[in-house]
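Below you'll find the structure, written out as structure tokens, and then a few comments.
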Amino acid sequence: MPLDSDRILEDIAALKIADTPRTRRYLAALDAKMERILDRVGDALPSKFYFDSDDPRNITEGAGYMAFFHACPLSRFHRSARLRDAVREIFDDVLHHQSPDGQINTRGSGGVERPGAFPPHPYSSHGQSWYLEPLLFALLWMRAEFTDADRARIERALYRTADFICARPIYQVNNRAVIQCAINAFCGRYFGEERFLKEARRHFHHMPVQVFDPVSGQILEGSGPDGNYSGTTYEYLYLYRIMSGDVSIDRAMIAALKWLTRVVDRNGWQTFCGVTTRNVFDPGNMIYDFLPAFERYSTQEPHFQTLVDDYLVLLERTGDLGASGHSVSPAIWALLEHQPVSAPARAPDWYADVRAWYHRAATGPEHFYYNEGYDHLYFPVRRGRVTTCVAARGRPALKDLQCWSYLKEPPVIYPVADYPYDHDLVHASKVVAEGLDTAIQGASGLQNPDFCWVDAETPGLILRFGRLWRFYIFTPRTTLVLSDGLAGPYHVEWVVDTSICGTPELAEGVLRYPGRQGRLKFAAAPELRREGRAATYRFSFDSGPSWFALTDESFVLHSAAPGHAVFSDQDGVYDVAYDLTPASLDPHDYRPFPNRSRDRLRVTRALVRA
């Protein structure tokens, strides 16, 4: 059964775990992480591993993490004296450095959220929430390992921290505000004080609840979703839900899980990099934070069980599974929430096909945040075997089409960008011409970008970048990208992150991977540039139209001319007609076109005859 808010502390302390292949996989990953920590510190207490970080957040997180292993009867480290003594050492250090106003601190001088000599800034309750949370979990799991007097002394100290946090609500739409609400609710349960719970629920529905986009399910970090912090926010939405008992957010929680499945491919690699607000990529860590809720809500959406199996492969590859992190470790909550549920044999429409994602037929799978203009705008697409995303507006220099995957294969194309984000180190797929870079500038237009979703049996998307028009046609196994409108020379670049995609083979008219179906097809010969793990394939054109197909081996281009193309794949023959004529009929007029101009792109399909 899912964790019950009315008896949440008893359920957490009891660590009742179903014995299934999935839970054994979680436990094995957790134990492996703890074994590496113990090996690293040698004969020393494992608290050394955390003290060496010089960061109160890591140190207090370590107390909760080690306490779990000490308490878990299925762990190889159950009742470990070394873990017990290490947790006690961290508590002694915290109490020694705590300030009179309740702020938690530890030895050392590192950590960006460490209390300083000055009065606390208005949002310091965020950092204090990070520190307090794992200490309370550690006390739950190791309650019997402290004398009554020591436990009372520790709880008096942590109660002062709870008071400090509760008095400083955070009025933001991001992870910080949600974390503070979640820890307020936790304090209400732990200390048995209704005022903490009441404040958590009151404040959450004042401003932090706006992290939910009620239309698309996005989890917002300010003015858009984030490649890392949307996961952080969601993990603490989950903690707020189980601690507060606030059932009113269950529908939004499930909508957010479905949103995540739309903006990652079938393996969990992120596709929405062009609109992230802070971190471009952190795929494993972000998926990890959603894992407990996938387990919790799988009774309502059984397909979540299939997705967890898919995403665990990525988490094992990135090394995230079993690691400590938000709420001590998301693996712990996934372990406690897991319940045997039979997954459906067929993926539901909300997962399988972009046409089930529409909010309005006029704008298709439009995901956006609007505040006197579009802060971000993107179109995630899954049809049949294909997963991709096209970003029209956003902060990073990763707009346009950056990611494309076929079934559960690694991506065919994927950009390179690191944390912290540095524009000069980004390698992105794009069209480049004099005064034009589609990955940097985004779609043209002021408050209203020039975009148009074409709702049809074979849907399409139109974007305008200055004089350049980009047409994207989505079949169940092909994404055809047509570019036209430039009178002078231009280049089209496709980027492969070889650490994620693998190393492709370049043959005449195709970029492919050994033993895989997904590929990039083209007519021109590219120039290859390598820089680190980035392989950039650059195609040069004097002017006029160009085409590229992200597809499989069945794709054939039968004809291509300005305004018209015919291609086929295993599912049919497609006749594509597009129109660059401005609404004014003046060939020199490239002002914004109405978003309703979907007659500019027409795609008709004929079935392939056997």
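What the table shows:
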{"item": "Those GluC sites (Glu not before Pro) in segment 463-532 that DSSP places in a loop and that have at most 10 other beta carbons within 10 Å", "result": "GLU508"}
{"item": "For peptides 321-329, 286-294, 92-100, 308-316, sequence by mean Cβ density within 10 Å, most packed first", "result": "286-294, 321-329, 308-316, 92-100"}
{"item": "Helical segments meeting 18 Å axial Cα length and Kyte-Doolittle 0.0 threshold in the chain (DSSP H)", "result": "124-141, 175-191, 250-262, 303-318"}
{"item": "Length-normalised contact order of segment 340-488 in % [C-alpha pairs under 8 Å, at least 6 apart]", "result": "16"}
{"item": "Using θ = phi - 60° and Karplus 6.51 cos²θ - 1.76 cosθ + 1.60, couplings along segment 414-419 (whole Hz; Gly, Pro as x)", "result": "6, x, 10, 7, 10, 10"}
{"item": "Proximal charge balance of LEU314 [Cβ under 14 Å; K/R count +1, D/E count -1]", "result": "-4"}
{"item": "Cα-Cα separations in segment 11-112 greater than 18 Å, expressed as whole percent", "result": "51"}
{"item": "Residues ALA356 and ALA561, FRET efficiency given R0 of 35 Å [Cβ-Cβ distance, rounded to 0.05]", "result": "0.55"}
{"item": "Segment 70-98-segment 226-247 distance, computed between alpha-carbon centres (Å)", "result": "26"}
{"item": "Sparse-neighbour loop sites [trypsin sites (Lys or Arg not before Pro); segment 30-124; at most 16 other C-beta within 10 Å; DSSP]", "result": "ARG76, ARG79, ARG107"}
{"item": "Check: the chain dipole with +1 on Lys, Arg Cβ and -1 on Asp, Glu Cβ, in debye", "result": "680"}
{"item": "Accessible surface, 1.4 Å probe, highest first, among residues VAL173, VAL431", "result": "VAL173, VAL431"}
{"item": "Sequence ranges 351-362, 187-198, ranked by mean other-Cβ count within 10 angstrom, highest first", "result": "187-198, 351-362"}
{"item": "Heavy-atom accessible surface of segment 319-432: percent carbon and sulfur, 1.4 Å", "result": "48"}
{"item": "Surface share of carbon and sulfur [accessible, 1.4 angstrom probe, percent] for segment 24-151", "result": "51"}
{"item": "Stokes-Einstein D for segment 384-458, Kirkwood Rh over Cα pairs, 25 °C, 0.890 mPa s (µm²/s)", "result": "175"}
{"item": "MRE, 222 nm, helices only [DSSP H, n ≥ 4, -39500 (n - 2.57), over the chain, to nearest 500]", "result": "-11000 deg cm²/dmol"}
{"item": "Furthest towards positive pole of dipole, GLY217, PHE77, GLY231, structure part the chain, Cβ charges", "result": "GLY217"}
{"item": "Segment 178-217 - convex hull of the alpha-carbon atoms, volume per residue in Å³", "result": "56"}
{"item": "Where GluC sites (Glu not before Pro) fall in DSSP loop in segment 343-444, at most 14 other Cβ within 10 Å", "result": "GLU372, GLU434"}
{"item": "Simple Cβ-charge dipole of segment 219-263, Lys/Arg +1 and Asp/Glu -1, about Cα centre, in debye nearest 20", "result": "200"}
{"item": "Centre separation in Å (Cα based) which lies between segment 530-550 and segment 313-374", "result": "31"}
{"item": "Charge context of GLY442, other residues only, Cβ under 14 angstrom, K/R +1, D/E -1", "result": "+2"}
{"item": "Entries in LYS48/LYS198; LYS258/LYS408; LYS33/LYS198 that, when Cα-Cα distance is taken, lie over 27 Å", "result": "LYS48/LYS198; LYS33/LYS198"}
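The values are calculated or read from the model by the stated rules, or taken from the named source; none is laboratory data. None of these values were measured; they are calculated from a predicted model. Backbone-built Cβ (ideal geometry, glycine too); neighbour counts: all protein chains shown. With ligands, DNA and RNA removed, areas are computed over all heavy atoms of the protein, side chains included. Shrake-Rupley method; radii C 1.70, N 1.55, O 1.52, S 1.80 Å.
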